[in-house]
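Only the coordinates and a few stated rules stand behind these numbers; no lab work does. Values in this document were obtained by computation on a predicted structure and should not be read as measured data. Cβ placement follows ideal geometry from the backbone for every residue including glycine, while neighbour counts extend to all protein chains displayed.
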Amino acid sequence: MLSAGVDRILRPVHRWIWRDSDRRVRKLLCFAEVETGGGRDILRAAEITRDPLLRRLYLAHAIDELHHGDLFRKRGADMLRSSRTSSAPGARAESPASGHGLDDLRIQDEPDETLLAFLHLSEKAAAGRFAIYRDVVRDDLPTQAIFEEILRDEVFHMNYTFTQLARLSPDSHRKLLWRARLRRLWKQYLRLATAIADTFGTILLTIQYFILIPPFAWLAKRAARREQAGWTTLPPDKRDSLKRQY
Amino acid sequence: MKILGISAHYHDSAAALVCDGMPVCAVQEERLSRRKNDAAFPIGAIEWCLDHAGLSPDDLDAVVFYERSMLKFERILTCVLRGFPRSWRSFPQAMKNSLGEKLWVRGVIESHLGIPKNRVLFTAHHQAHAATAFLTAPTRRAAIITADGVGEWATLTVGHGERTDRKTAITLMREIRFPHSLGMLYSTFTAYLGFAVNEGEYKVMGLAAYGQPTQVDLVRRLIRRTPDGAFALDMAYFEYHTSAKRSYSSRFVDLFGPPRNPYEPIDLNTTEGRRHADCAASVQAVLEETLVDIARELHRETGLPDLCLGGGVALNGVANARILSESGFERVFVPSAPGDAGCALGAALYADRVYFGQQERNVPDHPFWGPSVDSNELLRAATEDGQDLEQLDDAALIERTADELFAGAVVGWMEGACEFGPRALGHRSILAAPHSSQTRDRINRDIKYREEFRPFAPVVPIEAADRYFELPPGGARLARFMSAVFRVRPEWRTRLASITHVDGSARVQVLEREMAPRLSALLEAYGRRSGIPVLLNTSFNVAGEPIVCSALEGYSTFRRCGIDMLVAAPVVVTKRGHSRVKSLKEQALA
């Protein structure tokens, strides 16, 4: 709910992001990775659950997600071919933005109820976001058609996850959904905190690199110049050598 | 003694358990976590190994890690220093990457397993490769070559090993050190050709068959031979030693042209597609000639008839076949898991035989060390889903499967313990008739979802191998774990179209009955129907996923791709005729 609201407020930002074809390609390829990864996670859930009905539903859901991944990948590749944008080689997923999968959970350790609650919320959030994307790519009919198709599937995913959650936990499914919401919020906070810490770490290490490293770099380069290419003869092994990490 | 070997943190982590000198089990983490090339600390694999053997961590006499993490860190730091100031972007990344879990392996193992620090041991990376190759091979004395991207500092080592009843010795005589690396050279071309490094190298090998080595002279500018018989790379063409972002430099691009867009399919009918194939053929040719030269020199030096090959480069079947034919060695042994995953087993065996000096024992000569398939799981799931299933005795199952294969069905085949290593060698395989190129196209399109240019491998009984394939002396042995590429005899190529690569070769698996009796019986039964006891054998997975391990993973793969029949003896599940034309989603919901 919260993220949907934020997404609505950020609609102009989304419009700006999707306007540029380079960014559009990167987004599509990123979604391809996320959908495929999510599909594999849900497949794992299908392999683990003891509930036959859930196995069938998870499998159908996983097939959808894998198909969505293919759709995004093909569209991204098509756009790449036609526009020859700079994001071509090595373009990889940026961040797992839409969060379809169960990548925050250890699937084998979680009961079906928890997975369903988490999936339901993920699908709902993704549907809200994809609806916005569908609207902001009106100038690009093939991409819009992909979002249309995916949104149709999302309805099925949202419905079955909620129905099955209510079937498995008739008395506590609302509580489970709230717990999943809080867990998602906590995970989002952790992701944000990690990203901030990562940025700080990078800045501090870069500063250290230019302040502390130069003399050692000079020594290392001097040593490298003395090294001869080719074979290096190895001394005989010592019996106690397995104790050393160095 | 009970010794656990671990490989982790780079790619394809694994655990292996050796008890009283014999391997008990070994499994890659990816098979359990279902994340391809999972590099995480293999806690799932460790837990499975201990459970399988009925041990607790306290029962372990030693836990051996497959490389010296501090020495590796020294190499990373030194390379950053040498690359100053160009390495300013990679420095923070390298430090964050190393200073987390990777540098503190002893503590990580101690905290996960709760064992005292003094029970945690470390082999050198290439020592572990050498041990995997030598101590699992049926030979008493052999020369050893290990080659991969990089371990701590070494990228290629040569040496020899000797096993007597009283003592085992593995002596690595000399090494080539980072950044000069055959593995990195090949991986750089893998990245340049738009494939994922550490995963797409075999695609380069497959693509090479479509090209001509017209750019060999250009590749030789990148790699020069040194007077002592080794090689050195011209680092002006590379960036992997200073950058984590790109492995080739602008100069490399000036020399070979623009890199391939990974999202664009390779079209071999275009000039660009042919250029990529020629590029692959050229680096393949240079790799082969360098390895053959080094092997030939080692043969002259040691005078030994046997060679054990280890390291990721030993997965290059075309190069392995040339080494066998041209280096002078009579027999070449490549383990089923020559890459980093195999180091878990090698490290444990090295500690047992060399460090603790335990008595030599012959290691069983098969690759099946992983979790076993439970057909009851399949029976339960297929029954609950209302699938067409049968339970057959062994003879009926073989005949039924052979009938289906002969009728053109594609069969998912699971039996026993899963393979340790990247190849499906008959326990987690997709099998099909090898006669028509349409079968190959169908499996690529509907089942594996992979590139058209990639070939499929055949499996053939050892008694019939020579009839269909041009095997040199020692070839059958090298093909035991699908470690070499040999030529299909010209007269059989049209009748073995789905497994014959464009250059007339095939990465054949030569099967001895004792290794996989049921598959062997199936080959015989199929031979009685078709006149040719050869089957297409490809790994039981779809693109981007690890090979299936459990029956349910096989079942879910079966249900969402074009496999017609799934076998986990004694259970056989068949897709109904009408469901074969239904969409995958409809089938799943049916």
Only loop residues by DSSP count here, and only those with at most 16 other Cβ atoms within 10 Å; note down the chymotrypsin sites (Phe, Trp or Tyr not before Pro) in region B:419-504 that meet that.
B:449
Whole angstrom only: what separates the Cα centroid of region B:146-169 from the Cα centroid of region B:11-71?
21
Amide proton proximity set for residue B:152, modelled H, under 5 Å, gap of 5+
B:125, B:126
Relative contact order of chain A, defined on C-alpha pairs under 8 angstrom at six or more residues apart (%):
20
From phi via Karplus (6.51, -1.76, 1.60), per-residue ³J(HN,Hα) for region A:107-122 in Hz, x at Gly/Pro:
4, 5, 9, 9, x, 4, 4, 5, 4, 5, 4, 5, 4, 4, 5, 4
Only Cα pairs within less than 10 Å get springs; with that Gaussian network setup on chain A, which residue of A:226, A:26, A:181 has the largest fluctuation?
A:226
How large is the charge dipole for region B:370-589, taken about the Cα centre, if only the Cβ atoms of Lys, Arg (+1) and Asp, Glu (-1) carry charge, to the nearest 20 debye?
700
For residue B:575, go through the lysines and keep the ones whose alpha-carbon is under 18 Å away, minus same-chain ones fewer than eight residues off.
B:448, B:585
Exposed GluC sites (Glu not before Pro) absent: longest stretch of chain B, with sites in DSSP loops and at most 12 other Cβ within 10 Å deemed exposed
B:1-451
Decide, for region B:394-505, between rounded, prolate and oblate: order the square roots of the alpha carbon gyration tensor eigenvalues as a ≥ b ≥ c, take rounded if a/c falls under 1.5, and otherwise choose prolate if a/b is larger than b/c, else oblate.
rounded
Mind checking region B:172-252 for trypsin sites (Lys or Arg not before Pro) that DSSP puts in a loop (not H, G, I, E or B) and that have at most 16 other Cβ atoms within 10 Å?
B:245
Shape of region B:89-151, Cα gyration tensor, a/c cut at 1.5
oblate
Contour minus end-to-end for residue A:227 and residue A:187, with contour as 0.36 nm per residue of separation and end-to-end as the Cα-Cα distance?
9.5 nm
Separation of alpha-carbon centers, region B:233-302 and region B:479-550, rounded to whole Å:
29
For chain A: lysine pairs under 29 Å (alpha-carbon distance), excluding those fewer than 8 apart on one chain:
7
Ranking B:112, B:387, A:59 by how far each Cα lies towards the positive end of the charge dipole of the protein assembly as shown (+1 on Lys and Arg Cβ, -1 on Asp and Glu Cβ), the top one is B:112
Using alpha-carbon pairs under 8 Å, 6+ residues apart, how would you state the relative contact order of region B:182-333 in percent?
28
List, in order, the whole-Hz ³J(HN,Hα) value for each residue of region B:220-231 obtained from phi through the Karplus relation with A = 6.51, B = -1.76, C = 1.60 and θ = phi - 60°; use x for Gly and Pro.
5, 5, 7, 10, 10, 7, 8, x, 8, x, 8, 8
Low-density loop chymotrypsin sites (Phe, Trp or Tyr not before Pro), region B:324-418, at most 16 other Cβ within 10 Å, DSSP non-H/G/I/E/B, are B:356
DSSP beta bridge pairing in the protein assembly as shown, given as percent antiparallel to the nearest 5
75
Nearest 10 degrees, 0 to 90: helix A:141-168 Cα axis against chain A principal axis:
70
With +1 at each Lys and Arg Cβ and -1 at each Asp and Glu Cβ, the charge dipole magnitude of region A:2-178 around its Cα centre, to the nearest 20 debye, comes out at 540
Separation of region B:372-433 and region A:149-214 by C-alpha centroid, Å?
39
For region B:1-127: lysine pairs under 26 Å (alpha-carbon distance), excluding those fewer than 8 apart on one chain
10
